[in-house]
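Just so it is clear, none of the values below were taken in a lab; they were calculated from the coordinates. This structure is a prediction, so every number in the text was calculated from the model and none was measured. Reconstructed Cβ throughout: ideal geometry from the backbone, glycine too, with neighbour counts over all protein chains shown.
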Amino acid sequence: MTRLDIVLYVCTVLIWGSSWIATHYQAASIAPEVSIVWRYGFATPLMFAVAAYRGERLGYRLADHGYFVALGLCIFSINYMLFYHAAQHVSSGLLSIEFTLAAVGNVLLSAVVFGTRIERRAILGGVIGIAGVAAMFYPQIKGLRLDGGALLGFVLGLVATACFCVGNMVSLAAKRRKLPVFASLSWAMLYGTVFVALVAIAKGEAFVMDWSPIYLGSLIYLVLLASVVGFGTYFTLLNRIGAARAGYSTVLYPVVALAASTWLEDYRWTPLAVVGLAAVLFGVMLVLRQPKA
């Protein structure tokens with residue numbers, strides 16, 4: 001990894017890891033679909049502006065827009081709606097663990113779709129990291145019974161994670177067509193926002209705004225940092241270092257979230273949580289170290 005790759009990795013992990021807290025504040029007062037529309041409705045024109053500033057062309061053929069639609073459905077709409085609704089049935093800890101499965105899912109999907117060689121260290125590092133996250137969230141998931149609403153939430157979380165992984169493959173396929181990152185994200189974000197808005201209308205949701213400082217503050221953070229900057233750094237990183245190593249960043253998001261929770265919500269670190277953190281960091285070394293020639 002180059003110095004730029006490391007900077008992109010750290011920025012992505014810090015921004016998206018802390019965005020879990022902001023997302024929590026978003027889900028409190030407004031329907032999930034409406035909050036998603038506000039977030040990406042404001043972020044989309046900013047992403048187009050960034051793409052134009054970078055000199056990326058914004059006009060594409062119909063076939064290219066097929067990739068943008070697929071990316072928008074997987075990354076900016078379906079997976080978010082599923083995660084929001086899953087959070088109504090299961091704890092954020094379980095959802096965090098499910099999302100870390102993307103570290104392994106990216107490796108396997110990349111092998112199936114693109115014929116990429118499966119590196120054992122990537123799989124092993126991913127499994128160790130997932131186990132570490134599970135240890136850190138053990139107080140939330142102990143005694144959990146997957147029946148009724150909990151089972152529904154668990155399944156929704158798995159499907160949402162699968163959507164994220166598929167979106168990663170779509171982005172890599174778009175790269176092979178030489179479609180620039182920010183222009184692709186701009187169109188994908190537009191299509192995703194329109195899809196979520198149509199779902200909200202079909203459900204009869206009211207497009208209202210929560211004017212409380214905590215909602216507006218979290219919305220600004222999610223629009224500027226988590227959406228425009230975070231997606232830009234992650235998908236740039238994905239195209240530079242591949243799905244396996246970029247996907248491991250999903251294991252590090254809960255670590256940042258817990259670090260923020262320690263300060264904001266008085267999260268108490270147990271010995272098991274510390275062991276889990278050590279496992280996550282060991283997994284990082286396995287996944288990110290230079291592979292043998």
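Taking the Cα centre of segment 3-288 as origin, sum charge times position over the Cβ atoms of Lys and Arg (+1) and Asp and Glu (-1), and report the length of that vector in debye to the nearest 20.
960
For the chain, complete DSSP H runs whose alpha carbons reach 27 Å or more along their own long axis and whose mean Kyte-Doolittle score is 1.0 or higher are 149-176, 181-202.
Along the charge dipole of the chain, Cβ charges K/R +1 and D/E -1, which of ALA197, THR2, ALA257 sits furthest on the positive end? Ranked along the dipole, the leading option is THR2. Under the rule that an exposed site lies in a DSSP loop and has at most 15 other Cβ atoms within 10 Å, name the longest stretch of the chain with no trypsin sites (Lys or Arg not before Pro) of that kind, not counting the sites themselves. Formally, the longest exposed-site-free interval is 204-267. Placing +1 on the Cβ of each Lys and Arg and -1 on the Cβ of each Asp and Glu in segment 116-215, which of ALA135, SER171, ALA150 has its Cα farthest towards the positive end of the resulting dipole? About the Cα centre, the residue reaching furthest to the positive side is SER171.
Stretching the chain fully between ARG121 and ARG57 yields a gain of 19.2 nm (0.36 nm per residue, less the alpha carbon separation). An ellipsoid equivalent to the chain, defined through the eigenvalues of its Cα gyration tensor, has semi-axes of 27, 25, 18 Å when rounded to whole angstrom and sorted largest first. Mind sorting MET136, MET1 by how few other Cβ atoms lie within 10 Å of their own Cβ, fewest first? Going from sparsest to densest Cβ surroundings: MET1, MET136. With N the number of residues in segment 81-158, Rg(Cα) / (2.2 N^0.38 Å) evaluates to 1.22. Positive end of the dipole of the chain (Cβ unit charges, origin at the Cα centre): among ILE15, TYR221, VAL112, the Cα lying farthest that way belongs to VAL112.
Using Cα pairs under 8 angstrom and six or more residues apart, how large is the relative contact order of the chain, in percent?
In percent, rounded to a whole number, it is 42.
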